[in-house]
Amino acid sequence: MLDINFIRQNLKEIKEAARKKHVAVDLDKLVVVDDERRSLIKTIDDMRHQQNVVSEEIAKTKDQHKISEMQKLKKELNDLEARLHVVESEFNLLMLQVPQVPHESVPEGESDADNKPVKLWGEIPKFDFPVKDHITLMKELDLVDFERGAKVAGFRGYFLKNEGALLSFALWQFTINHLVKKGFIPLVAPSLVKENSFVGTGWLPQGKEEIYHTQDDLYLAGTAEVPVMGMYQDEILAESELPKKFIAFSPCFRREAGSYGKDTKGIYRLHEFMKVEQVIFCKSDTDESVKWHEEITRNSEEILQALKLPYRVVVNCAGDLGLGQVKKYDIETWIPAQQKYGETHSSSYFYDFQTRRLNIKYRDQNGKLQFAHSLNNTALATPRVLIQLLENYQQKDGTISVPEVLQPYLGSKIISKK
RNA sequence: GGAGGCGUGCGUGAGUGGUUGAAACGGACAGUCUUGAAAACUGUUAUACCUUAACGGGUAUCAGAGGUUCGAAUCCUCUCGCCUCCGCCA
């Protein structure tokens, strides 16, 4: 959510942002609705003032004439309040659709195909044998059971098995340890979450099709960003505790509506997966946001570097940005069998878009309340990253060598047939 | 799932229809005093919106939403949250 005064003063810029982000929102209508809203509030406030003054007189004089005068006023007031009610809900609905303005460095574009690479790391491995894809590798080494996964959990269901499971634990543990050393507070976050946090983070109302909804009116979060942001809703933080840095583990659920035909094989696109997510609250300062954005991106790169997986960083084009995002980097990691990079991380910042919706503030040095800024990035998502890990580490004899940094967690150096 | 209780400001807690945005105590902050600290004393201590050049003024908010009333923290209805006991359960 943006400040309505900011919207009114920068209407052209916001319209441009909506165009770039492909967001359909009638901003002219918003202004008209806001005009009516403002004038109603003014009128109603004045009438209430009169009501307060006269009521006080009545308390003393019990003047029957004034009472009937106020009865009339009350009727008028009720009508206006009812109208304001309607206008305000219209106003709020429109406000929830107004996009954040992308940073000037964000390229224009329609979809992820227009994202621009900004960094390359690692060498693309050359294999002197036919490369197997992760599905083949996992089946041969008995690391996954798709058939029974589908039997039990339906389409896109899976069981991770043997080292497929153990590697996941190793990756989580390694990642969390790495970030805790950097001052991140570890969390295990809820996935079953109330609607508020989804609206507050910008996942709702537009993302309704993507999110599972339970019969108890709770929703299943597709990322720990949702619960961790919701954690501080309606709170005033101390400036001294900023930046607040969290590393949160949670199961993640996505309906993947609209992508029924996409990535139907393997473990790339799943309804249920696990993620270790970085979430930061920082001071209300655009430079601070940029600084921490670079840091959380670097943190994820460090993890890939420690795993010695080749990756590239792309800056997402405006068409590929979420409603509230100012700028986003995706990190894409090399998939040998497909000879291309595949998204494994997504790093974004929002300025105060989310914290305004969630009412998360802090008191600055001058005693003024400010909306904090928020950011988040994947630290590591499983099982997707197993694709890159297994394929890049495969060996001629069909075994997988275990990345050095994971060996202590896994207790072995090689994954071979049972 | 059954039975009961409770929701007031940073905290404890008063307030059951008319200057109560809200007593009192505590906490925090600032000042006086002190070499420094403590103690004592004094003062400050909500947020949002509207209005004003400014001083200031106005409206709303006592979990939330409705209702009764000229007037609601106080009465009524619903919702939400928390707590206790029983049952069930990892």
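Every number in this text was worked out from the coordinates using simple rules, so none of it is lab data. Since the structure is predicted, the reported quantities are computational estimates derived from the model, not experimental observations. We place every Cβ from the backbone using ideal geometry, glycine too, and count neighbours over all the protein chains shown.
Here are a few things to note about the model shown:
- Net length gained if the chain between A:Ile236 and A:Leu73 were fully extended (0.36 nm per residue, minus Cα distance): 54.8 nm
- Cβ-derived FRET efficiency at R0 51 Å, A:Trp121 paired with A:Asp26, nearest 0.05: 0.70
- Of A:Leu321, A:Ile267, A:Val131, farthest towards positive along the dipole that unit charges on Lys, Arg, Asp, Glu beta carbons give region A:112-415: A:Val131
- Alpha-carbon centroids, region A:24-59 and region A:364-390: separation in whole Å: 40 Å
- Here is the list for region A:1-96: trypsin sites (Lys or Arg not before Pro) lying in DSSP coil, each with at most 15 other C-beta atoms within 10 angstrom of its C-beta, are A:Lys62.
- Residues with amide H under 5 Å from that of A:Leu237, placed H, sequence gap 5 or more: A:Lys361, A:Tyr362, A:Arg363
- Electrostatic dipole magnitude of region A:1-136 [Cβ: Lys, Arg +1; Asp, Glu -1; Cα centre; debye, to 20]: 300 debye
- Summary of the geometry: region A:107-147 and region A:68-89, compared by the centres of their Cα atoms, lie 62 Å apart.
- DSSP beta bridges fully contained in chain A are about 90 percent antiparallel.
- Each distinct pair of alpha carbons in chain A adds a 1/r term; the inverse of their mean, the Kirkwood radius, is 24.1 Å.
- Region A:191-212 and region A:294-358 have Cα centres lying 21 Å from one another.
- Pairs from the list A:Lys161/A:Lys262; A:Lys182/A:Lys245; A:Lys244/A:Lys327 with a Cα-Cα gap above 18 Å: A:Lys161/A:Lys262; A:Lys244/A:Lys327.
- Sorted peptide list for A:365-372, A:252-259, A:329-336, criterion being average Cβ within 10 angstrom, highest first: A:329-336, A:252-259, A:365-372
- Gain in span if fully extended, A:Asp63 to A:Ala82, counting 0.36 nm per residue against the direct Cα distance: 4.0 nm
- Loop-resident trypsin sites (Lys or Arg not before Pro) (DSSP state other than H, G, I, E or B) in region A:263-361 with no more than 12 further Cβ atoms inside 10 Å of their Cβ: A:Lys265.
- Placing unit charges on each Cβ (+1 for Lys and Arg, -1 for Asp and Glu) gives chain A a dipole about its Cα centre, and among A:Leu309, A:Ser111, A:Leu242 the Cα reaching farthest toward its positive end belongs to A:Leu309.
- Relative contact order for chain A, counting Cα pairs under 8 Å that sit 6 or more residues apart, in percent: 21 percent
- Residue pairs exceeding 32 angstrom between C-alpha atoms, taken from A:Lys126/A:Lys265; A:Lys21/A:Lys42; A:Lys119/A:Lys151; A:Lys265/A:Lys308; A:Lys340/A:Lys396: A:Lys21/A:Lys42; A:Lys119/A:Lys151.
- Listed by Cβ neighbour count within 10 Å, with the fewest neighbours leading, A:Glu288, A:Glu163 appear as A:Glu288, A:Glu163.
- Given charges at beta-carbon only (K, R positive; D, E negative), |dipole| of region A:112-415 in Debye: 120 debye
- Which of A:Tyr219, A:Tyr158, A:Val53, positive extreme of dipole for chain A (C-beta unit charges): A:Tyr158
- Under the span-like rule (Cα at least 24 Å along the axis, Kyte-Doolittle mean at least -1.0), DSSP H helices of chain A: A:27-61, A:64-95, A:163-180
- The sum of -39500 (n - 2.57) across all DSSP H runs of n ≥ 4, divided by the residue count of chain A, sets its helix-only mean residue ellipticity at 222 nm to -13000 deg cm²/dmol.
- The chymotrypsin sites (Phe, Trp or Tyr not before Pro) found in region A:114-217 that occupy coil by DSSP, while having at most 11 further C-beta atoms within 10 Å, are A:Phe155.
- Approximating the spin labels as points 7 Å out from Cα along Cα→Cβ, the A:Asp3-to-A:Ala306 distance works out to 4.0 nm.
- Remark on A:Glu272: its backbone amide H falls under 5 Å from those of A:Arg254, a criterion applied only to residues 5 or more positions apart or on other chains, H modelled at 1.01 Å from N.
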